[in-house]
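Notes follow the structure.
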Amino acid sequence: MAEIIDGKQVAQDVIAIVTNSSAELKAKGVVPGLAVVMVGEDPASQVYVASKSRKAKECGFHSVQHTLPAETSQGMLLALIAELNADPAIHGILVQLPLPDRIDSGAVIQAIAPDKDVDGFHFINVGKLGTGETATAFVPCTPAGSLLLIERVRGRDLSGLNAVVVGRSNIVGKPMANLLLAANCTVTIAHSRTKDLRALCRTADILVAAVGRPEMVKGDWIKDGATVVDVGINRVPAPEKGDGKSRLVGDVDYKHAAERAGAITPVPGGVGPMTIAMLMANTLVSACRMARIEPPKF
Ligand code: NDP
């Protein structure tokens, strides 16, 4: 049976480093500041934003939340971003997606100052990651957290390992592939047009699934001893728990994959907790960079 990679524990370890470093920074007169901006009242976004703001406070950060009404214009949102870009108390700016259709999300993201772009979505940060400038880039939180989980099992140098990333989104798949490449893996990115995905997945020493399709990756797609990271979060009906009940599953058929994998992340409790932890880590790193203090290693 596979080793279960405990994302809650690794996330707690990251938060402990962030909290300690944040206290050290405070003693030097620097308080890391995170601004989270949301537009409208999407219930899922409200939950995410509240938990990000709460976690920032727990880390000792200056935590600011801007909840703008659904009818906010793009101009008003851009004006707020400009204000936050210029505010020396703010080191990280996060705009919760999705934004209302009227607003051009791309334009808003590109308006965030790259050195405060703790989500790592600005073209400058995407370019830095793509060219291996990871020392000064902000890396998107979910793939950054996924890499930490892989490193717990395989160490930091992944030389010679075959990695397959299923999914090519800008938020997860592509940055994940770049991180694995920087760690010396031989990387293949698969997507909806890939032929014989099963055979490809069976070549993977490291398999990352970021698809958004419940339990699509089957047990017999897994190479013996592989490290499997399941980024997917899918809510499916769970009639066994009662009428109208649901449960969360990943993109991997966990039960059967765990019989072949060397190590695997569960859903929930795998990649999920890492995303917020890495947002805190990125904000702390931003504050360190602005204060010209060496940031901690995660
Ligand atoms: P996207 O929908 O943006 O991308 C999905 C990718 O999967 C696409 O590249 C798509 O290919 C590919 N895909 C879809 N169907 C297939 C198929 N049948 N075979 C092979 N590839 C396929 O999703 P995200 O990257 O944003 O998210 C992926 C999953 O990760 C979701 O479940 C999401 O909820 C979860 N997630 C979890 C986070 C966390 O904190 N744990 C954070 C972010 C996301 P194509 O490009 O060809 O369409």
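Values in this text are rule-based calculations from the coordinates and carry no lab data. Values in this document were obtained by computation on a predicted structure and should not be read as measured data. Ideal geometry is used to build each Cβ from the backbone, glycine not excepted, and the neighbour counts take in all protein chains shown.
Shape class for the range 137-202: oblate, because the ratio a/c of the largest to smallest gyration tensor axis (alpha-carbon atoms, square roots of eigenvalues) is 1.5 or more and b/c is at least a/b. Pairs exceeding a 22 Å alpha-carbon distance, out of Lys26/Lys52; Lys55/Lys241; Lys26/Lys297: Lys55/Lys241. Translational diffusion of the chain, estimated by Stokes-Einstein from the Kirkwood radius over alpha carbon pairs at 37 °C in a medium of 0.692 mPa s, is 165 µm² per second. Per-residue packing, averaged as other Cβ atoms within 10 Å, sorts the ranges 10-18, 287-295 into the order 10-18, 287-295, beginning with the highest. The stretch between Met290 and Thr67, if pulled fully straight at 0.36 nm per residue, gains 77.6 nm over its current Cα-Cα span. May I ask you to derive the relative contact order of the range 133-272, considering only C-alpha pairs under 8 Å and at least 6 residues apart, and to give it as an integer percent? After rounding, I find 22 percent.
Summarising the label geometry, the points placed 7 Å from Cα in the beta-carbon direction at Arg235 and Lys28 lie 4.3 nm from one another.
If you take all other residues with their beta carbon under 14 Å from the beta carbon of Val267, and give Lys and Arg +1 and Asp and Glu -1, the sum is 0. Each Lys or Arg adds one and each Asp or Glu takes one away; over the other residues whose Cβ falls under 13 Å from the Cβ of Ile109, this sums to -2.
Global dimensions of the range 133-272 from alpha-carbon coordinates: Rg and Dmax equal 14.8, 51 Å. Among 110-118, 86-94, 273-281, the peptide with the highest mean count of other Cβ atoms within 10 Å heads the list, and the full ranking is 273-281, 110-118, 86-94. What nm value, rounded to one decimal, do you get for the distance between Lys8 and Ala79 when each label is placed 7 Å out toward the C-beta? Result for the modelled spin labels: 4.5 nm. When only alpha carbons are used to place a centre, the range 221-282 and the range 179-210 end up 17 Å from one another.
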